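First the structure, which I've put down as structure tokens, then a few questions once you've had a look.
The values are calculated or read from the model by the stated rules, or taken from the named source; none is laboratory data. Everything quoted here is computed from the prediction, not taken from an experiment. Every residue, glycine among them, receives a Cβ derived from its backbone with ideal geometry; neighbour counts consider all protein chains shown. These area figures cover heavy atoms from the full protein model, side chains too; ligands, DNA and RNA do not enter into them. Shrake-Rupley method; radii C 1.70, N 1.55, O 1.52, S 1.80 Å.
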Amino acid sequence: MTIPAQPATRPANPRFSSGPCAKIPTFALEKLADAPLGRSHRAAVGKSKLKAAIDGTRDILGIPADYRIGIVPASDTGAVEMAMWSMLGARKATMVAWESFGAGWVTDVVKQLKIDADVKTAEYGQIVDMASLDYDTDVVFTWNGTTSGVRVPNGDAIPTDRKGLTICDATSAAFAMDLPWDKLDVVTFSWQKVMGGEAAHGMLVLSPRAVERLESYTPAWPLPKIFRMTKGGKLIEGIFKGETINTPSMLAVEDYLLALDWAQDIGGLPALIARCDANAGVISQFCAANDWIANLAEDPATASTTSVCLKFTDPAIADGAAFAKAVAKRLEAEGVALDIGAYRDAPAGLRIWCGATVEKSDLDALMPWLDWAYHTERAALTAPA
């Protein structure tokens, strides 16, 4: 086997982690100078920054005016848990999972909350048939499987006259994919994915139907303080105006505002989606041209455009996990790709983030290096001892 020469060009930014993800291309620490550090988030300046984050999110994502948007603790995980603990149990649930995070939500609902639920699963690389679900139950699902590289292609299967709620973990989809808000009652995501923001803060979006559930239903179990969204049977509206449940990082808020401004400057949601599509297209073309690597997603229509998961298909590779780790380690040692190993619970392979903050030119530069690393490691498999 001939090993190609090392490519002459390296990615300008080798950060392809699936979270926390690359910062916006124009990021600089000095651009956060307006953060009200050392000030209370309850002071006027703090409230205005938090409200600006909510308003900017609504503007870019096109979230309907009658949907509430809240900044909540504990990243996307906290937002999903808030929704499940506060709203599930009023009717039967349908839990949908095709990757590790979705499987985690199944465990919480079935084993911790002990809610009557149908569990629908699919293997990594596949997706559950969304049209087969009973939407008169409360349906919990991830829009984009961050660890499997598989996404819901659209919301066509979700009926508008559903009786149950749809609770959607959209943490690797928001700002990268066109979410059908009329089909979604609860949507959660975090800042550290497509927008490249800092971690620890989650976003919780509620439809009027979700609010009605909160105000008409009291779970049988006690709710921790950070999960409580109602008082006296009424929604605590302040949460959705920037009056956060606990103390947020104003530095992280400033960073998110910077990312929102960048997104607006480049053309809003259509531009963000286009960047993700173009980035994922680079890898798709590379896989089509090389028979030793393939997208983990079996159907191109459900292939993620953010968390692109890859598998090595060369039958000579006996230990896929060891080979993938060796390739990722070699690329990191060369400073061309950082943190691209598959998620620990996922099949062996690579995971390359293609979100909007990643430059297509960096992915163009990475592909020849991936070819070089594969051939280098592949040659080592057959080298004499």
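Express in nm, to one decimal, how much length is gained between residue 338 and residue 6 on full extension, taking 0.36 nm for each residue of separation and deducting their alpha carbon distance.
Contour length minus the Cα-Cα distance gives 117.8 nm.
Under a Cβ-Cβ cut-off of 12 Å, what is the net charge of the residues other than residue 246 that fall near it, where Lys and Arg count +1 and Asp and Glu count -1?
In short, +2.
Calculate the dipole size of the chain relative to its Cα centre from +1 charges on Lys and Arg beta carbons and -1 charges on Asp and Glu beta carbons; express the result in debye to the nearest 20.
For this selection, approximately 1120 debye.
Given 183/234; 163/241; 23/51; 120/241, which pairs have Cα atoms separated by over 30 Å?
Long pairs (Cα-Cα over 30 Å): 120/241.
If you count, for each residue, the other Cβ atoms within 10 Å and average over each peptide, how do 316-323, 269-276, 243-250, 134-141 line up from highest to lowest?
My ranking of the peptides, most packed first, is 134-141, 269-276, 243-250, 316-323.
Anything in the chain that counts as a DSSP H helix reaching 15 Å or more along its axis (C-alpha) with Kyte-Doolittle mean of at least 0.0? List them, would you?
44-61, 75-87, 250-266, 268-289, 320-333
Which ³J(HN,Hα) values in Hz, rounded to whole numbers, follow from the phi angles of region 296-312 under the Karplus curve 6.51 cos²θ - 1.76 cosθ + 1.60, where θ = phi - 60° and Gly and Pro get x?
Couplings: 4, 5, 7, 10, x, 5, 10, 6, 5, 9, 10, 8, 7, 9, 10, 10, 7 Hz.
Would you mind getting the accessible area per residue of region 150-217, heavy atoms of the protein chains only, 1.4 Å probe, in Å²?
Result: 28 Å² of accessible area for each residue.
Return the long-range amide H neighbours of residue 150 (sequence gap of 5 or more, or a different chain), with a cut-off of under 5 Å between placed amide H atoms.
Under 5 Å from the amide H of residue 150: 145, 304.
Here's a follow-up. Between residue 129 and residue 58, what is the spin-label point distance in nm, taking each point 7 Å from the Cα along the Cα→C-beta axis?
With each label point 7 Å from Cα toward Cβ, the separation is 4.0 nm.
Just to be sure I understand the model, the point goes 7 Å from the Cα along the line to the Cβ. What's the resulting residue 379 to residue 181 distance in nm?
5.5 nm
Hey, another quick one. From the phi of every residue in region 120-131, what ³J(HN,Hα) in whole Hz does the Karplus formula 6.51 cos²θ - 1.76 cosθ + 1.60 yield, where θ is phi - 60° and glycine or proline is x?
Working through the residues one at a time gives 10, 10, 9, 6, 4, x, 10, 9, 5, 5, 5, 6 Hz.
Now a separate question. Is region 40-168 rounded, prolate or oblate when judged by the Cα gyration tensor, a ≥ b ≥ c being the square roots of its eigenvalues, rounded requiring a/c under 1.5 and prolate requiring a/b larger than b/c?
It is prolate, given that a/c is not under 1.5 and a/b is the larger ratio.
Separate question: Going highest first, how would you order 205-211, 119-125 by mean Cβ packing within 10 Å?
Descending mean neighbour count gives 205-211, 119-125.
Separate question: Less than 20 Å apart at the alpha-carbon level, and either on another chain or at least 8 residues along: which lysines does that give for residue 329?
311
State the percentage of accessible surface on region 96-139 attributable to carbon and sulfur atoms; use a 1.4 Å probe and exclude ligands, DNA and RNA.
Carbon-and-sulfur percentage of accessible area, whole number: 45.
If you count, for each residue, the other Cβ atoms within 10 Å and average over each peptide, how do 229-235, 348-354, 3-9, 88-94 line up from highest to lowest?
Ranking the peptides 229-235, 348-354, 3-9, 88-94 by packing returns 348-354, 88-94, 229-235, 3-9.
What's the FRET efficiency of residue 51 with residue 200 using the Cβ-Cβ distance as r and R₀ = 25 Å, to the nearest 0.05?
0.85
Still on this structure, please answer the following. If I take R0 = 22 Å and measure r between the Cβ atoms of residue 103 and residue 157 in this structure, what FRET efficiency does the formula 1/(1 + (r/R0)^6) give, to the nearest 0.05?
Efficiency for this residue pair is about 0.55.
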